Amino acid sequence: VSTQSTGSDPNRMKIVAFESVYSMTGTMSPIEEICDLAHKYNAITFVDEVHAVGLYGYHGAGLAEERGIAHKIDVVSGTLGKAYGLVGGYIASSGALVDVVRSYGSGLIFTTSMPPSTAAGAVASITVLAGEEGRALRLHHRAAYTMLRDKLLEGGFPVMECPSHIVPVHIGDPLKARLCMDMLMEDHKIYVQAINYPTVPRGSELLRFVATPYHTPKMMDYLVNALDHVWHTLQLPKTS
């Protein structure tokens, strides 16, 4: 940001866009530092919270809410899928900026309106996750993904270090990543998505796990045992 902005016209519109939680590796952005730097150079910030809404923050509004810095974001985008369990998305910003998007955003203008049933479901999901039930679910969710990460590490699997609910396990080979996915489904009835290039760089292929509040220790043990069988069959390396 600093390199691109130095020497540029301070009155020229600039947008700094980034994710709060990166979808494949599970890393978290230094939101406050990026926003402060962007505003120093008269840029607006666009933060994608699709992997955080419903899962972080007192009301489930995302990572920025959890860190108490939502006021520093100029535009936030979220999803009505993932944690909210439906389909669609949204942006939140000042009334003037939203009106600009509503008036000039062709992707919005030429998109079919959301069905009323989906809109009603979204309102219900947001209401639940913003309240006491949502806060309880977030506590259970945090306990679940922490337990899953711990069990995979104890099993010697190459879990990539990350602080979020996304638990990536490094494979490093596109064919073996696909074989892992196929074997888990065909032999153990477990669906896990293999992540290959171009979603991640070549050599960074991985399996991406996300536990829910309803995954039990018994289910996780079954997964670890199934992964152990797959690792042995494909002769994949362990960390221990």
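Considering each of Ala64, Ala122 in turn, give the residue that is touching a Phe, Trp or Tyr at 6+ places or on another chain (Cβ under 7 Å) and assigned to a helix (DSSP H, G or I).
Values: Ala64 fails: touching a Phe, Trp or Tyr at 6+ places or on another chain (Cβ under 7 Å).
Just a single option satisfies the conditions, and that option is Ala122.
Those residues that are surrounded by fewer than 16 Cβ atoms within 10 Å (Cβ to Cβ) and either in contact (Cβ under 8 Å) with a residue 24 or more places away in the chain or in contact with a strand residue (DSSP E or B) (Cβ under 9 Å, 6 or more places away or on another chain) (or both), I need them from the stretch 70-84; list them, please.
The first filter runs over the stretch 70-84 and keeps only residues surrounded by fewer than 16 Cβ atoms within 10 Å (Cβ to Cβ), leaving 71, 81.
Gly81 - this is the single residue of the stretch 70-84 that is surrounded by fewer than 16 Cβ atoms within 10 Å (Cβ to Cβ) and either in contact (Cβ under 8 Å) with a residue 24 or more places away in the chain or in contact with a strand residue (DSSP E or B) (Cβ under 9 Å, 6 or more places away or on another chain) (or both).
Working carefully through the options Ser93, Ser117, find the one that is touching an Asp or Glu at 6+ places or on another chain (Cβ under 7 Å) and free of Cβ contacts under 8 Å to residues at least 24 places away in the same chain. Before the answer, list the steps.
Working: Ser117 fails: touching an Asp or Glu at 6+ places or on another chain (Cβ under 7 Å).
Answer to the check: Ser93.
Testing Glu161 on (1) in contact with a helix residue (DSSP H, G or I) (Cβ under 8 Å, 6 or more places away or on another chain); (2) of a type outside the set (Phe, Trp, Tyr); (3) within 30 Å of Ser204 (Cβ to Cβ), one condition comes back false. Which one is that?
(1)
On the given criteria, is Val87 open to solvent by 60 Å² or more (accessible area, probe 1.4 Å), touching a residue at least 24 places away in the same chain (Cβ under 8 Å) and not acidic (Asp, Glu)?
Details: open to solvent by 60 Å² or more (accessible area, probe 1.4 Å): yes; touching a residue at least 24 places away in the same chain (Cβ under 8 Å): yes; not acidic (Asp, Glu): yes.
Taking the combined requirement at face value, the residue satisfies it.
Test Met147 against the stated conditions and say whether it is open to solvent by 60 Å² or more (accessible area, probe 1.4 Å), within 27 Å of Thr45 (Cβ to Cβ) and either at pLDDT below 95 or not polar (S, T, N, Q) (or both). Before you say what the answer is, go through the steps one by one.
Values: open to solvent by 60 Å² or more (accessible area, probe 1.4 Å): yes; within 27 Å of Thr45 (Cβ to Cβ): no; either at pLDDT below 95 or not polar (S, T, N, Q) (or both): yes.
Taking the combined requirement at face value, the residue does not satisfy it.
Of the residues Leu55, Leu37, which is open to solvent by 20 Å² or more (accessible area, probe 1.4 Å), assigned to a loop (DSSP other than H, G, I, E, B), touching a helix residue (DSSP H, G or I) at 6+ places or on another chain (Cβ under 7 Å) and aliphatic (A, V, I, L, M)? Don't jump to the end; show me each part of the working.
Details: Leu37 fails: assigned to a loop (DSSP other than H, G, I, E, B).
Checking each option against the conditions leaves just Leu55.
Condition first: surrounded by 19 or more Cβ atoms within 10 Å (Cβ to Cβ), modelled with pLDDT under 95 and touching a Lys or Arg at 6+ places or on another chain (Cβ under 6 Å). Can you find one or more residues in the stretch 42-49 that meet it?
Yes, some residue in the stretch 42-49 is surrounded by 19 or more Cβ atoms within 10 Å (Cβ to Cβ), modelled with pLDDT under 95 and touching a Lys or Arg at 6+ places or on another chain (Cβ under 6 Å).
The values are calculated or read from the model by the stated rules, or taken from the named source; none is laboratory data. For clarity, every value in this text was computed on a predicted model and none was experimentally measured. Every residue, glycine as well, gets a Cβ built from its backbone with ideal geometry; the counts of neighbours run over all protein chains shown. What goes into the accessible areas is simple: the full protein's heavy atoms, side chains included, and nothing from ligands, DNA or RNA. Shrake-Rupley method; radii C 1.70, N 1.55, O 1.52, S 1.80 Å.
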